[in-house]
1. Can you pull out every residue in segment 302-327 that is closer than 16 Å to Tyr215 by Cα and in a strand (DSSP E or B)?
2. Go through (1) small (Gly, Ala, Ser); (2) part of a loop (DSSP other than H, G, I, E, B); (3) surrounded by 21 or more Cβ atoms within 10 Å (Cβ to Cβ) one by one and return the number of the condition Gly299 breaks.
3. Regarding segment 171-189, can at least one residue be identified that is crowded, with 20+ Cβ neighbours inside 10 Å and among the hydrophobic types (A, V, I, L, M, F, W, C)?
4. Would you pick out the residues in segment 155-166 that are touching a His at 6+ places or on another chain (Cβ under 8 Å) and exposed (fewer than 12 other Cβ atoms within 10 Å of the Cβ)?
5. Can you tell me which of Ser273, Ser243, Ser257 is modelled with pLDDT under 95 and either more than 22 Å from Glu57 (Cα to Cα) or not basic (Lys, Arg) (or both)?
6. Return the residue satisfying two criteria in turn: it lies in segment 342-364 and is free of Cβ contacts under 8 Å to residues at least 24 places away in the same chain and either in a helix (DSSP H, G or I) or hydroxyl-bearing (Ser, Thr, Tyr) (or both), and of such residues it is surrounded by the most Cβ atoms within 10 Å (Cβ to Cβ).
Amino acid sequence: MDFSANGKFMAATCDDSLASSMDPAGAAARRRKPRDRRRPPAAPPSPSAPQRISTEELVDALRPHLLTPERMWALGYPLELEPNSAKAVVYINPPPRSRTTTLRYTAWDVNAPEFVPGCSQSDSGRGSLGSSPRSDSDEEADTVEHLCVRCDSMYRMTREGENLSQSCVYHWGRVSQDYRHTCCNQPLGARGCSTARFHVWNGTRPGMNGPLEGYARARSPRGGIYAIDAEMVYTTAGLELASIAVIAADGRLVYRSLVKPSSPVVDHNTRFSGIRPRDLARATKTLRDVQNDILGFVGTDTILIGHAMDNDLRALKLLHGAVIDTCALFPHARGFPFRRSLRVLCEELLGRSVQRGSAGHSPLEDARAAMDLVLYKVNEERAKRARMTRQISMFQPYDPLISAA
C-alpha cells in the first residue's frame with residue numbers, strides 16, 4: 001500500500017525512439033546539429049520515489065508516537081473516571097498568558113488542592129463547569145457567570161441559557177511574536193476589531209473538570225488507522241460538535257456527517273468552523289448517533305490521528321487511548337502549552353496551503369492534512385534509519401571470510 005500523499009501519483013513517459021520514427025525530418029535536423037561538447041548543467045534532483053509501507057509496518061512505526069496517559073492528561077484529553085463508568089475527567093491547563101495584559105506564564109500544580117473535583121456525582125458537566133459559585137442573593141440565584149473565551153471578560157447567563165451581557169468585542173487572530181494581533185496588526189491590548197452579538201464559553205474552566213457524563217468508548221479491538229477532525233459551534237452549554245470527518249491512512253473518506261447540537265446555538269463560529277445555520281438545519285444525527293457510528297469501526301487498538309485532538313474527543317465525548325496528536329509530534333519551539341497551527345505545519349513540512357478559504361475550515365481537508373503530517377514523519381524516520389544503516393555498513397571492518405562468502 002502506498003500511503004504517501006494519499007496514494008495519488010501521476011507519471012508521464014516519452015519514448016524518444018518512437019518520436020524520432022514519427023518525425024524523420026526532425027530527426028535528420030538533430031543529426032546535422034553540431035555536437036556541443038560543453039557539459040550540460042546538472043538537472044535539479046527529482047523528488048525521491050514515495051516509500052511503500054504496509055499497514056502492519058505503519059502501525060509499528062506509529063506506536064512510539066502514541067500519547068501516554070500522563071501526556072494525554074497534561075494536554076487536556078478526557079480520561080475515564082472509573083472503569084465502565086461512562087464518565088470522564090478533564091484537566092485544562094490555564095492559558096499561558098492573558099490576552100490583554102501580560103505574557104507571563106505561571107505553572108499550575110495538577111495535584112494542588114484547588115484542582116480536586118468539586119462537582120457532585122450527578123453533575124452533567126454542563127451547568128457548573130467554568131462557572132463561579134452561586135450567590136446567596138435572590139437576584140443571582142438563577143444566573144451563572146462564565147469567562148468569555150474571545151474577549152476574556154466575565155458575563156452572566158440565566159440557568160436556561162439566556163445571555164444577560166452586552167455584545168462581545170474581540171480579536172479573532174492570534175498574537176504574533178512581536179505582540180500584535182494577526183487579525184488587525186494592532187498591538188496587544190488594543191480594542192477588539194470584531195464584534196459578536198453574544199459572549200461565548202467553551203464548556204470548561206482551567207483546572208479539573210468533572211465528572212462529565214455521556215462519554216463512550218470502544219470495548220473490543222478492531223485495528224485500523226484513522227484521522228479525525230471535528231468542527232464545533234458555541235452553544236449555551238459551551239462548544240458542541242457540529243461536523244465531523246474521518247479518513248483512512250490511504251486518504252479514503254470513511255465517515256462524514258453534520259451533527260445537531262443538543263443545546264441552543266449562541267454562535268456558529270463560521271470563520272473557523274465553516275458551519276452556517278442552513279447546515280445545522282439539515283443535520284439529522286445527534287451526538288449519540290455519531291458515537292455509535294464511529295464505534296462501529298473504531299476499536300480499542302485503533303490508532304486515531306488528529307491536530308489538537310483533545311478538542312475533538314471532548315466534543316465527541318469519546319474516550320480513547322491510542323492517539324497521535326500532531327501538536328505533540330511537531331511541538332512548538334517555545335514548548336507546551338504553545339502549539340503550532342495546522343496551517344503553519346502544512347506550509348513548512350508539506351508545502352501545502354490549508355485553512356486559507358474565507359468559508360471556514362473543512363474537517364475533511366484538516367483530517368487529511370493531519371494524516372499526511374504523520375505519514376511525513378514516518379517517512380522521514382525511515383529515511384533517517386536507512387541512511388544510518390548505510391553509514392554503519394561503510395565503517396564495518398574488513399573480514400576476508402565474509403567478503404569471500
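1. Restricting attention to segment 302-327, the residues satisfying the condition of being closer than 16 Å to Tyr215 by Cα are 309-321.
The answer is Leu318, Leu319.
2. The failed condition is (3).
3. We begin by selecting, within segment 171-189, every residue crowded, with 20+ Cβ neighbours inside 10 Å; these are 171, 181.
Those left that are additionally among the hydrophobic types (A, V, I, L, M, F, W, C): none.
No, that holds for no residue.
4. Once the filter is applied, which keeps residues that are touching a His at 6+ places or on another chain (Cβ under 8 Å) and exposed (fewer than 12 other Cβ atoms within 10 Å of the Cβ), segment 155-166 yields nothing.
5. On the way: Ser243 fails: modelled with pLDDT under 95; Ser257 fails: modelled with pLDDT under 95.
From the options Ser273, Ser243, Ser257, the qualifying one is Ser273.
6. Arg343
The values are calculated or read from the model by the stated rules, or taken from the named source; none is laboratory data. In this text the structure is predicted, and so the values were computed from the model without any measurement. Cβ coordinates were reconstructed from backbone atoms using ideal geometry, including for glycine residues, and neighbour counts include every protein chain displayed.
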